[in-house]
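Here is the structure we will look at, set down as structure tokens.
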Amino acid sequence: MKKLILLAVIFILLGVQMDLTAQTGNNRILVVYFSWSGNAKALAGQIANVTGGDLFEVKTVTTYPNVYDECTKIARQELDTNARPAISGSVTNIQQYNTVFLCYPNWWGTLPMALFTFLEKYNLSGKTIYPLVTHGGSRFGSSLDDLKKLCPGAVIGEGLSVSAFDRNPNDDPRVTVPNRDVTSWLRRIGMAR
Ligand SMILES: Cc1cc2nc3c(=O)[nH]c(=O)nc-3n(C[C@H](O)[C@H](O)[C@H](O)COP(=O)(O)O)c2cc1C
């Protein structure tokens with residue numbers, strides 16, 4: 001009888017252990033970002049810190065000029081020609097992730113074209129994508145509609161838009177929002193305690 005009870009306890013504990021493993025396995029997070037002047041990068045870093053997600057930077061093979069006006073001209077040309085700028089590096093085994101944060105600046109009302117390249121390269125169907133945009137006034141622009149088209153079968157979760165002018169003097173000057181803003185959004189979407 002004692003042996004039976006012991007066996008039952010072992011099975012229950014094993015069951016609990018497997019359940020926990022499954023939860024961890026179910027919650028693999030990837031934080032993808034593209035950033036020109038550092039805002040989206042800083043926020044992506046905060047998300048990765050809070051959630052424990054893996055960070056991946058989308059880098060173009062040809063870098064954009066450091067001068068704002070020159071960068072906007074090239075970006076405008078890319079938008080007008082529906083370009084797909086070449087990107088370097090790749091995500092290792094994207095299938096292991098079921099949650100993807102996508103952090104990007106609003107460029108001419110939508111996602112930078114390098115993210116069109118990125119999103120067309122990977123099949124994100126079945127995953128939940130949480131977009132975070134940094135912007136100079138246009139918030140998400142049409143990027144959410146474009147995101148839906150670029151990621152068929154993915155769920156687009158609640159996003160966060162962050163103004164580039166919403167600086168917090170106590171923070172890193174390159175970071176545009178207090179940490180707690182990102183954290184309260186992460187809490188709302190169930191990604192932070
Ligand atoms: C090429 C380019 C185009 C931009 N277009 C817009 C725009 O259409 N609307 C807007 O609100 N902000 C626009 N901005 C401002 C950026 O969205 C804003 O500065 C953002 O915070 C930059 O993020 P980053 O530091 O991660 O590059 C543009 C900036 C650049 C460089």
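The values are calculated or read from the model by the stated rules, or taken from the named source; none is laboratory data. Since the structure is predicted, the reported quantities are computational estimates derived from the model, not experimental observations. Don't worry about glycine lacking a Cβ; one is built from the backbone with ideal geometry, like all the others, and counts go over all protein chains shown.
Structural remarks
- Counted residues, the stretch 101-133 - those being more than 24 Å from T81 (Cβ to Cβ) and among the polar types (S, T, N, Q): 3
- R174, sole failed condition from (1) over 18 Å from the mean Cα position of the chain (by Cα); (2) at pLDDT 55 or above; (3) near the ligand (Cβ under 9 Å from one of its atoms): (2)
- Sub-8 Å Cβ pairs linking a first residue in the stretch 28-51 that is within 22 Å of T92 (Cα to Cα) to a second residue that is of a type in the set (A, V, I, L, M, F, W, C) and within 6 Å of the ligand (Cβ to nearest atom), at least 6 apart or interchain, are Y33/A40; F34/A40, ordered by first then second residue.
- For the stretch 58-160, the helices (runs of 4 or more DSSP H) that sit wholly inside it and include 1 or more residues that are away from the ligand (no atom under 12 Å from the Cβ) and closer than 15 Å to S35 by Cβ are 113-121.
- Only one of the listed residues (T110, T134, T117) is at pLDDT below 95 and either surrounded by 15 or more Cβ atoms within 10 Å (Cβ to Cβ) or touching a Lys or Arg at 6+ places or on another chain (Cβ under 6 Å) (or both). That residue is T134.
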